[in-house]
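So the structure is just underneath, and the comments pick up after that.
Nothing in this text is a laboratory measurement; each read-out follows from the coordinates by a stated rule. The model shown is predicted, which means the values in this text are computed figures rather than measured ones. Glycine also receives a Cβ, built like all others from the backbone with ideal geometry; neighbour counts cover every protein chain displayed.
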Amino acid sequence: MIPSKREFPVHPLVAVGALIVEERKVLLVKRKNPPSSEMWTLPGGLVKVGERVHEALIREVLEECNIKIKPVKLLDVVDYIEKDSNAKIRFHYVIIDFQAQYLGGSLTPGSDVKDARWYLVHQLNEISIPQITRNFLNKFLPSILNKAC
């Protein structure tokens, strides 16, 4: 199997993620491809050359979920590093996560995700979420939900 350009990179790849909360529900996508395939994560993806991070965020959420958003606030920058069984770096992403506002559109999963759904906070413990995403949600979701009240 020939590795994708994302696997065993020569440098870290820059990605974006969107925390979108609407009516006390969180938007998550079920990943189709590694890393974290079959798990629920924030919508997002790679920044293209020449693309600003806000533009990448808007594009990726539209591609994955068929909805329009507005980036609101930078929340965090995290490293995702995964090694293979030989301790070689298989994936290395620098992920820039934003809070985003839902503007409209009918939620429909795009071709690069298996599913896209709104989840109530209490449902998050019932689904498979990568630890990096769970840590992020535990850190930022309470304050966002408190401001929404």
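For this structure, a couple of remarks:
- Subset of the range 87-131 [part of a loop (DSSP other than H, G, I, E, B) and under 30 Å from PRO12 (Cβ atoms)]: ALA87, LYS88, PRO109, GLY110, SER111, ASP112, ILE127, SER128, ILE129, PRO130
- Where ILE67 falls short, out of the listed (1) touching a residue at least 60 places away in the same chain (Cβ under 8 Å); (2) closer than 25 Å to LEU145 by Cβ: (1)
- Residue match in the range 65-83 (condition: in a helix (DSSP H, G or I), surrounded by 14 or more Cβ atoms within 10 Å (Cβ to Cβ) and not β-branched (Val, Ile, Thr)): yes
- Taken over the range 56-93, the criterion of being of a type in the set (Asp, Glu) and more than 12 Å from GLY17 (Cα to Cα) is satisfied by GLU63, ASP79, GLU82, ASP84.
- Total residues in the range 44-62 satisfying the condition of being over 17 Å from LEU13 (Cβ atoms) and not β-branched (Val, Ile, Thr): the figure is 2.
- Selection of the range 104-126 for residues being among the aliphatic types (A, V, I, L, M) and loosely packed, with under 13 Cβ neighbours inside 10 Å yields only LEU120.
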